[in-house]
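J.: Let me give you the structure first, and then I'll get to my questions.
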Amino acid sequence: MASIKEKDFLETIVMNDKNKATAKKLRWSDPDPNISTPVSDDSAAPEQAAKEQDSTSEKTLDRWFLEQRGKKRVPKLLKVANELLVTTAGPLKLTGNITLINEDGSVTHSNSMTLCRCGASNNKPFCDDQHLDVDFFDNATISRFSDRMPIKRPQTITVTCVKYGPLKFSGYLRVYNTKNQEYITMGGLLCRCGKSSNKPFCDNRPGCSDC
């Protein structure tokens, strides 16, 4: 049996160990690898908020990432829906895994594009808000019936600017407006001169010189 002196000695060691452990936990600048370092709510908030706000609208801010496949660098499919919002009296807002081929043959990869459909932009095929100056108006009605079922997995879409012609797209696309009308298809022609009688689609009128 331990004597009273031995008990006092053992209690002193235990108390010292507890004090050391407590001091070690409070030294966050030099953490013990065996002790998890607490993180304050303020420092964790930005990262947590960023994860919670990882929405489709945030992903469509022209974040086209590349991955290596052999000797070629090719676009990586992101989980961004191929969708075209037809705005009332305004441009075409396209999101998705987009490849744009301009009239001069240049190629642009993007996840978000705002395309002119009034024919007055000075930065075609992109919108520069000239529709406000030319008083362009269209109620954005979509009168076609879908010829495809909705697809959830990532898809690619290629948009070609036809010289003196429409925007020709190839690939899955959901065309919609704010009136709960939609048209899902795998290809078609979009008016970009503002004169089609079937907007937002091209009606193949001859001599689209304003495109």
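Read the figures in this text as sums done on the coordinates, not as results from a lab. Just so you know, these numbers come straight off a predicted model, no measurement behind them. Neighbour counts run over all protein chains shown; Cβ positions are idealised from the backbone, glycine included.
J.: What is the extension gain from Leu78 to Lys152, computed as 0.36 nm multiplied by their sequence separation minus the C-alpha to C-alpha distance, in nm to one decimal?
T.: 25.5 nm
J.: Gln155: net charge of surrounding residues, Cβ under 11 Å, Lys/Arg +1, Asp/Glu -1, itself excluded?
T.: Neighbour charge sum, excluding Gln155 itself: +4.
J.: At 37 °C and 0.692 mPa s, grab the translational diffusion coefficient of segment 56-190 from Stokes-Einstein with a Kirkwood Rh over Cα pairs, rounded to a whole number in µm² per second.
T.: Value of D from the Cα-based Kirkwood radius: 211 µm²/s.
J.: Which pairs break 29 Å Cα to Cα here: Lys79/Lys163; Lys93/Lys152; Lys79/Lys195; Lys124/Lys179?
T.: Lys79/Lys163; Lys79/Lys195
J.: Quick check: net charge around Lys199, other residues with Cβ under 11 Å of its Cβ, Lys/Arg +1 and Asp/Glu -1? Walk me through the numbers before you get to the answer.
T.: Numbers: positive: Arg117, Arg192, Lys195; negative: Asp138, Asp203.
Neighbour charge sum, excluding Lys199 itself: +1.
J.: Suppose R0 equals 25 Å; then what is the FRET efficiency for Asp203 and Ser106 from their Cβ-Cβ distance, rounded to the nearest 0.05?
T.: 0.35
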